[in-house]
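First up is the structure itself, then whatever we jot down about it.
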Amino acid sequence: MKRPSGITIIAILFIGLALLSLLWSGLVFGLGGLESLFGGLFGAENVAAAGTSRAWSGFVGILAGGVQLVVAFGLLAMKRWAWYLALAGVGLNVVQGVAGLFVSGPIALMCGALGLLVPAGMLVYLLLPSIRMAFGLR
């Protein structure tokens, strides 16, 4: 079956997000590592601990970016496992966005609601019967 154009768009979005995640997380990882190193060298334990935390955060972001890249290419190849991973990733974004709506002020609430439109739309699209069928799911 031919790849639906919406899947191509979602895959391109995943590639873009992966590249941004890899760039930003690489920066956070590198700067966190330097902060940890220099904090340790100069006896600033609080700075070293914060740097270590940032470095780990960057490392996790690099892993997430790598997974997003794998999902994107899996979607382009119409692999069933990529549909499951994309569904899980988009679903987690929706849950995280909804949870974030309740912990901030009114402006963040409005911005967060607008930011939920794209992942929610992707989630609905991935769950359409025709898209599920294109990936060989019932």
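The values are calculated or read from the model by the stated rules, or taken from the named source; none is laboratory data. None of these values were measured; they are calculated from a predicted model. Here Cβ is always computed from backbone atoms with ideal geometry, including for glycine, and neighbour counts include all displayed protein chains.
Figures for the structure shown
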| read-out | value |
| --- | --- |
| Pick from the range 103-117, criterion closer than 21 Å to I12 by Cβ and surrounded by 15 or more Cβ atoms within 10 Å (Cβ to Cβ), ranking: modelled with the lowest pLDDT | G115 |
| Answer from G16, G66 - the residue that is surrounded by 14 or more Cβ atoms within 10 Å (Cβ to Cβ), closer than 16 Å to G89 by Cα and under 12 Å from the mean Cα position of the chain (by Cα) | G66 |
| Failed item, numbered, when L63 is tested on (1) aliphatic (A, V, I, L, M); (2) farther than 20 Å from L20 by Cα; (3) free of Cβ contacts under 8 Å to residues at least 12 places away in the same chain | (2) |
| Selection count where residues are surrounded by fewer than 19 Cβ atoms within 10 Å (Cβ to Cβ) and at pLDDT 90 or above, scope the range 30-41 | 7 |
| Sole residue being touching a residue at least 40 places away in the same chain (Cβ under 8 Å), part of a helix (DSSP H, G or I) and over 15 Å from F14 (Cβ atoms), chosen from S53, S130 | S130 |
